[in-house]
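Trainee: The structure's right below; bear with me while I get my questions together.
The values are calculated or read from the model by the stated rules, or taken from the named source; none is laboratory data. Everything numeric here is computed off the predicted structure, so don't read it as measured data. Here Cβ is always computed from backbone atoms with ideal geometry, including for glycine, and neighbour counts include all displayed protein chains. Side chains included, ligands, DNA and RNA excluded: accessible areas come from the protein's heavy atoms. Shrake-Rupley method; radii C 1.70, N 1.55, O 1.52, S 1.80 Å.
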Amino acid sequence: QVTLIESGGGSVQAGGSLRLSCAASGRTFNTYTLTWFRQAPGKERAFVSGISFSGGRPSYAESVKGRFTISGDNARKTVYLQMNSLKPEDTAVYYCAASNYIMVVPEAEKYDYWGQGIQVTVSS
C-alpha cells in the first residue's frame, strides 16, 4: 500500500505564496504519477497539477497555469507544489493523489491513493 502525507498548507493574503509537499511511502515502486487535487466547499474535487516520474511534461489546470509550479523527487517519491500569486478562489482543501499510470490524468477516479488533505486559505 501507499501512504501520502501532505504538508505546507496554511493561510496567506491574496498575492502571497505557499509551498505544498507530498511524500509517498510504502510500496511506491510502481507509483509513477503524483498529483494535486483540490476541493472547495460546495464544489467537486478538481485537478490542479500532476507530474509523472516516468517522464513527460507536468500538467496544470488552466486556472493555475502560470502561477503554480509542480516538481518532484523521484528517488524520494515526493512532489512539491509551489503556489504563487494566490487568489481567494484558490482556497480549498488540497489533496495529494498517486496512481500507477505512467501519464498524468485529470480524473480523480483514476487515482488509487490519497492523502488526508491539507487546508489552504487565501484571504483578500
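Trainee: May I ask for the Kirkwood hydrodynamic radius of the chain, worked out over all distinct Cα pairs and given in angstroms to one decimal? Intermediate results must be reported in sequence, preceding the final value.
Mentor: Details: mean 1/r = 0.0706 Å⁻¹.
Computed over Cα pairs of the chain, the Kirkwood hydrodynamic radius comes out at 14.2 Å.
Trainee: With a 1.4 Å probe and all protein chains in place, put Tyr60, Tyr101, Tyr111 in order of accessible area, largest first. If you can, show how the numbers build up before the last one.
Mentor: Values: Tyr60 60, Tyr101 100, Tyr111 15 Å².
Final ranking, largest accessible area leading: Tyr101, Tyr60, Tyr111.
Trainee: So, one more: At a 1.4 Å probe radius, which order do Ser52, Ser11, Ser17 fall into by accessible area, largest first? All intermediate terms of the calculation are to be shown ahead of the outcome.
Mentor: Working: Ser52 15, Ser11 95, Ser17 60 Å².
Final ranking, largest accessible area leading: Ser11, Ser17, Ser52.
Trainee: By what distance, in whole Å, do the Cα atoms of the stretch 85-124 stretch along each of the three principal axes, largest value first?
Mentor: Ordered largest first, the stretch 85-124 gives principal extents of 38, 19, 14 Å.
Trainee: Treat every Asp and Glu Cβ in the chain as -1 and every Lys and Arg Cβ as +1, leave all other atoms uncharged, and give the resulting dipole magnitude about the Cα centre to the nearest 20 debye. Let's see the in-between values first.
Mentor: Details: 12 positive and 9 negative charges, 44 e Å.
That gives the chain a dipole magnitude of about 220 debye.
Trainee: In addition: Measure off, as a whole percent, the carbon and sulfur share of the 1.4 Å-probe accessible area of the chain, all protein chains present. Walk me through the intermediate numbers first.
Mentor: On the way: 3130 of 6520 Å².
Roughly 48 percent, rounded to a whole number.
Trainee: With θ set to phi - 60°, apply the Karplus curve 6.51 cos²θ - 1.76 cosθ + 1.60 along the stretch 76-87 and write out the HN-Hα couplings as whole Hz, x wherever there is a Gly or Pro.
Mentor: Those phi angles translate into 9, 6, 10, 10, 10, 10, 8, 10, 10, 6, 5, 10 Hz.
Trainee: A further question on this structure: What relative contact order, as a whole-number percentage, does the stretch 9-52 give when Cα pairs under 8 Å and 6 or more residues apart are counted? Can you show the working numbers first?
Mentor: Working: 32 pairs, mean separation 12.1, N = 44.
Relative contact order comes out at 27 percent.
Trainee: Right, here's the next one. For the stretch 1-70, which trypsin sites (Lys or Arg not before Pro) are in a loop by DSSP, counting at most 16 other Cβ atoms within 10 Å?
Mentor: Details: sites: Arg19, Arg27, Arg38, Lys43, Arg45, Lys65, Arg67; in loops: Arg27, Lys43, Arg45, Lys65, Arg67.
Answer by residue number: Arg27, Lys43, Lys65, Arg67.
Trainee: Would you mind getting the accessible area per residue of the stretch 1-102, heavy atoms of the protein chains only, 1.4 Å probe, in Å²? Each step should come with its number before you reach the end.
Mentor: Values: 5170 Å² over 102 residues.
For the stretch 1-102, the solvent-accessible area averages 51 Å² per residue.
Trainee: May I pose another question? Please give the net charge around Ala97, taking every other residue with its beta carbon less than 14 angstrom from that of Ala97, where Lys and Arg add +1 and Asp and Glu add -1. Show your work: numbers first, answer last.
Mentor: Numbers: positive: Arg38, Arg45, Lys77, Lys110; negative: Glu6, Glu107, Glu109, Asp112.
So the surrounding residues net to 0.
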